[in-house]
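Chemist: My questions all concern the structure below.
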Amino acid sequence: IGAWSHVCGVFASATDRRVFLNGGGKVTSATSRVPTGINNTDVGQDGADNQDFNGRMAEFAIWNVALSDADVADLAKGFSPLLIKRRWLVAYYPLLGRQSGREIDLIGGNHLTVTGATQAAHPRILTPEDVMTPHVPAAVAAMVGRIVGRPLVGAGVTGRGIVA
């Protein structure tokens, strides 16, 4: 209570599903499940019996490729979804609560309608802008270089913090 946690579900196939808490604590399922009739995106609600999430949410994203365990760990460290397999990112909602009545999808343009939510403090996230400045700490630059597949140049000794 009162602390941000990172939760990620990876659905690689009908028999390969994984759920992570804070980049670890992986739970898997191999029971065969084939999704059908997927035509709606609900965030913070189960969609069936209106069980609303009781807490704060931020940084909701959907990819059309399975994320690796390392990708999930990087997201849990506070890296923006824009830095993780961006080519396969199909929806990204920072959930900033700044738009009246809707949340913006920065990738697919499929904006969400907000009902019953209030604006709250957002967790600190390391964005592409942060990692492309010449003042990124060397340890962060090395990690981001691994994520984006190329080393960053000009890494310095100052920068923004990230969610640990």
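The values are calculated or read from the model by the stated rules, or taken from the named source; none is laboratory data. The model shown is predicted, which means the values in this text are computed figures rather than measured ones. Neighbour counts are summed over all protein chains in view; Cβ atoms, including those assigned to glycine, are modelled from backbone coordinates with ideal geometry. Side chains are part of the model used for accessible areas, which takes the heavy atoms of the whole protein and leaves out ligands, DNA and RNA. Shrake-Rupley method; radii C 1.70, N 1.55, O 1.52, S 1.80 Å.
Chemist: Would you tally the residues in the stretch 77-88 being touching a Phe, Trp or Tyr at 6+ places or on another chain (Cβ under 8 Å) and open to solvent by 10 Å² or more (accessible area, probe 1.4 Å)?
Modeler: Residues that pass the stated criteria total 3.
Yes/no per residue for (1) at pLDDT 85 or above; (2) open to solvent by less than 40 Å² (accessible area, probe 1.4 Å); (3) part of a loop (DSSP other than H, G, I, E, B):
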| residue | (1), (2), (3) |
| --- | --- |
| A58 | yes, yes, yes |
| D74 | yes, yes, no |
| L106 | yes, no, yes |
| N110 | yes, no, yes |
| V140 | no, yes, no |
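Chemist: Next question, about the same structure. Please go through the stretch 18-56 and give me each residue that is hydroxyl-bearing (S, T, Y) and modelled with pLDDT of 85 or more, ordered by number.
Modeler: Matches in the stretch 18-56: T28, S29, T31, S32.
Chemist: Of the residues A66, A91, which is open to solvent by less than 70 Å² (accessible area, probe 1.4 Å), in contact (Cβ under 8 Å) with a residue 12 or more places away in the chain and assigned to a loop (DSSP other than H, G, I, E, B)?
Modeler: A66
Chemist: Could you list, in sequence order, all residues of the stretch 8-20 that are aliphatic (A, V, I, L, M), under 28 Å from L106 (Cβ atoms) and surrounded by fewer than 14 Cβ atoms within 10 Å (Cβ to Cβ)?
Modeler: Answer for the stretch 8-20, where residues must be aliphatic (A, V, I, L, M), under 28 Å from L106 (Cβ atoms) and surrounded by fewer than 14 Cβ atoms within 10 Å (Cβ to Cβ): just A12.
Chemist: If you don't mind, there's one more thing I want to ask. Checking the condition open to solvent by less than 50 Å² (accessible area, probe 1.4 Å) and among the small types (G, A, S), which residue from G37, G23, G2 passes?
Modeler: G23 is the lone residue from the list that is open to solvent by less than 50 Å² (accessible area, probe 1.4 Å) and among the small types (G, A, S).
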